[in-house]
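Please read the structure below before turning to the comments.
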Amino acid sequence: MTVRTVRIAMNGVTGRMGHRQHLVRSLLALREQGGLDLGDGTALVPEPVLVGRREHALESLAARYGLHEWSTDLDAVLADPTIEIYFDAQVTSARETALKKAIAAGKHLYTEKPTATGLDGALELARLATRAGIKHGVVQDKLFLPGLLKLKRLVEGGFFGRILSVRGEFGYWVFEGDWQEAQRPSWNYRAEDGGGIVVDMFPHWEYVLHNLFGRVTSVQAHATTHIPRRRDERGKPYEATADDAAYGIFELEGGALAQINSSWAVRVHRDELVEFQVDGTEGSAVAGLRRCRAQHRAATPKPVWNPDLPATERFREQWQEVPDNGDFDNGFKAQWELFLRHVALGTPYEWDLLAGARGVQLAQLGLRSSAEGRRLTVPELSL
């Protein structure tokens, strides 16, 4: 098999997500398996070039994984004609400027979301990339998780009949940093640094709802800061200026309603950190990151409300497990493979910067809805 190398500048891989999911479990995993088989006798082998601000962290990361190239000079890396793809996993506030530089350098783009701090910036990125004729994609990893792939199979198979509602619960308790270290970086809780759960999670909910159930046409949200004071990585107290919980209602094209609670101040009493319950006229399902259980209309029990007697039915046992029916790879890696095929072969790819702009739009409207206390229409975007 012929080996073809694709050099990828990876900015922000010293952070948790960029390191674990994109570098190690995606591109390095692809290298270890011999590259991506393009189906024409060619194996596409990614060659990461690490980029960031902290020289010591980059040098340590490169040494750990046997990589030979790293740099703190983004401009110099983008000027290298052998670099084909620029990937960004930086903090959101630094992303827009870096993406514009990559577009100007003619690099194909693959980026984490949100793509920008505001809708105008996100749309400008999509327009600039389209005019430049480069290929561009945005990480929408939850679509490739086993639980949601099984849920999509039920949707496409007509299992639900007419879908009535979607209810989502996401979150976990993020420690305040006083007697136990926080599991998330402190910038997540500072609005001035691009933090907040609406900015972080509403883009996820947009693409999940859009791709599985229909475009979001309206949003009504309430965002709040439940824990107003936390401690940072050095143990220093700081004021949490960003929202750490949001409660949203989304109307979908076709009439279904979605209600999703997002919180970093909730203790988990569910099987997975995120779960979606979908109810339809013919059946219902509950999907998490990996599992999906379903209950058909014909197998639905007939409970009767009687608060004077203890429940005798084991409701969870009345649902049927949806089988895997295949092998599921890491969701981030699966989307990387699709984007690399898109770059190498020109195969269709729908999760582009315009899709990323829809996520920014929903987050922006969600925050505005919360501030104004009213439901807002979500206009359809176009270039």
Kirkwood Rh in Å, taken over the chain so that all alpha-carbon pairs contribute:
22.3
Per-residue counts of other Cβ atoms within 10 Å, averaged by peptide: what ranking do you get for 158-170, 101-113, 281-293, highest first?
101-113, 281-293, 158-170
Taking the Cα centre of the chain as origin, sum charge times position over the Cβ atoms of Lys and Arg (+1) and Asp and Glu (-1), and report the length of that vector in debye to the nearest 20.
280
When 305, 264 are arranged by how many other beta-carbons sit within 10 Å of their Cβ, fewest first, they go 305, 264
Against the 2.2 N^0.38 Å rule of thumb, the C-alpha Rg of the stretch 145-226 sits at a ratio of 1.41
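Using only alpha carbon pairs under 8 Å that are at least six residues apart, calculate the relative contact order of the chain and give it in whole percent.
It rounds to 20 percent for the chain.
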Neighbour-count order for 1, 17, 10, fewest beta carbons within 10 angstrom listed first:
1, 17, 10
For the chain, give the share of DSSP beta bridges that are antiparallel, in percent and rounded to the nearest 5; count only bridges with both residues there.
55
Just to be sure I understand the model, the point goes 7 Å from the Cα along the line to the Cβ. What's the resulting residue 175 to residue 59 distance in nm?
3.2
Take each of the peptides 373-382, 49-58, 353-362, average the number of other beta-carbon atoms within 10 Å over its residues, and list them starting from the highest.
353-362, 49-58, 373-382
Between 18, 366, 133, find the one with the highest GNM mean-square fluctuation for the chain; connect C-alpha pairs within less than 10 Å.
133
Under a point spin-label approximation (7 Å from Cα along Cα-to-Cβ), what is the residue 97-residue 314 distance to one decimal in nm?
5.9
Sort 87, 328, 315, 250 so that the residue with the fewest other Cβ atoms within 10 Å of its own Cβ comes first and the one with the most comes last.
315, 328, 250, 87
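Using only Cα atoms, what is the ratio of the radius of gyration of the stretch 1-93 to 2.2 N^0.38 Å? Mind dumping the intermediate values first?
Details: Rg = 13.3 Å, N = 93, 2.2 N^0.38 = 12.3 Å.
So the stretch 1-93 has a normalised radius of gyration of 1.08.
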Any idea what % of Cα-Cα pairs in the stretch 139-288 are farther than 28 Å?
25
Among 107/150; 100/333; 101/333; 101/150; 113/150, which pairs are too far apart, with a Cα-Cα distance over 29 Å?
107/150; 101/150
Nearest 10, in degrees from 0 to 90: the angle of helix 197-212 to the longest Cα principal axis of the chain is 80
Here the relative contact order (percent) of the stretch 155-265, from C-alpha pairs under 8 Å and at least 6 apart, is 36
When the helices in the chain are scored as -39500 (n - 2.57) per DSSP H run of 4 or longer and the sum is shared across all residues, what 222 nm value do you end up with, to the nearest 500 deg cm²/dmol?
-9000 deg cm²/dmol
Please compute P(r) over all alpha-carbon pairs of the stretch 26-161, binned at 10 Å starting from zero, and give each bin as a whole-number percent.
10, 31, 34, 20, 5, 1
Relative to the longest principal axis of the C-alpha atoms of the chain, give the angle of the C-alpha long axis of helix 146-156, reported between 0 and 90° and rounded to the nearest 10°.
60
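Bear in mind that the values in this text are calculations on the coordinates, not laboratory data. From a predicted model like this one, the values you see are computed outputs, not experimental measurements. A quick note on method: Cβ atoms are made from the backbone with ideal geometry, for glycine too, and the neighbour counts reach across all protein chains shown.
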